[in-house]
Amino acid sequence: MLLLLLPLLAQTPEPPAEPPADPVAERRRAQGEARAAARELQRARDSAQRVLMAVFQEDRLTDLGREECLNRMVAFDRDEDARVSFEEFERLVKWSPFRSPRGNDAAMKAEDAWTVLLRFADADADGVLAHEEVLAYFDERDLDHDGLLTRNERADGPRVGEKAPDFALAPPGEGELQSLSALIKQGKPVALLFGSYS
């Protein structure tokens, strides 16, 4: 009998199984990460737009016109190749009343401004800004297509006329997450009440 028990005693006990992951908690974590990434991307886009406006705008209190943007690019395009290189951009930054996107009076380094602008405006990723690329970026940010980047269009956060972002909320108790888009597709009435936006 002892011989029968020895193999059982020699076996190493299996570690206790980890409890299964809570799918609701996992979805919430993933959605939180996605929202944080979307906020960071929006901040970067807004920063690029502020760089564009600060560099190409004569008077920071007025709206930036599409023609003014193009005229300034043409004026500083030394080799007249319809593309702005970093060296040309650096001259433009020094000439313009450019200030940091944070709104303070400390001048932002031209290299940093260039990097921010290239991220969104350099469509072919060749390290220079073609006139068409800058104007295409301008047009993308010009929500009402009136040829001006206005105060509303350069404000951080959601803009007038912009589609609301989809999000999910957990109902009280142990219910499944409900996304705004799913409720709308089901034809259910939805009322969103917000106390503040930050």
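What to note about this one:
- Boolean, Ala44 is under 15 Å from Arg119 (Cβ atoms) and in contact (Cβ under 8 Å) with a residue 40 or more places away in the chain: yes
- Residue in segment 103-122 that is at pLDDT below 70 and surrounded by 11 or more Cβ atoms within 10 Å (Cβ to Cβ) present: yes
- Exclusive hit being at pLDDT 90 or above and over 19 Å from Gln42 (Cβ atoms), set Asp59, Asp63, Asp77, Asp81: Asp81
- Some residue of segment 150-169 being in a strand (DSSP E or B), modelled with pLDDT under 75 and more than 19 Å from the chain's Cα centre (by Cα): yes
- Scanning segment 21-41 for residues that are more than 11 Å from the chain's Cα centre (by Cα) and free of Cβ contacts under 8 Å to residues at least 60 places away in the same chain returns Ala21, Asp22, Pro23, Ala25, Glu26, Arg29, Ala30, Gly32, Glu33, Ala34.
- With respect to (1) closer than 19 Å to Leu117 by Cα; (2) of a type in the set (Lys, Arg); (3) not in a helix (DSSP H, G or I), the lone exception for Arg78 is condition (1).
The values are calculated or read from the model by the stated rules, or taken from the named source; none is laboratory data. From a predicted model like this one, the values you see are computed outputs, not experimental measurements. Note: ideal-geometry Cβ built from the backbone for every residue, glycine included; neighbour counts use all protein chains shown.
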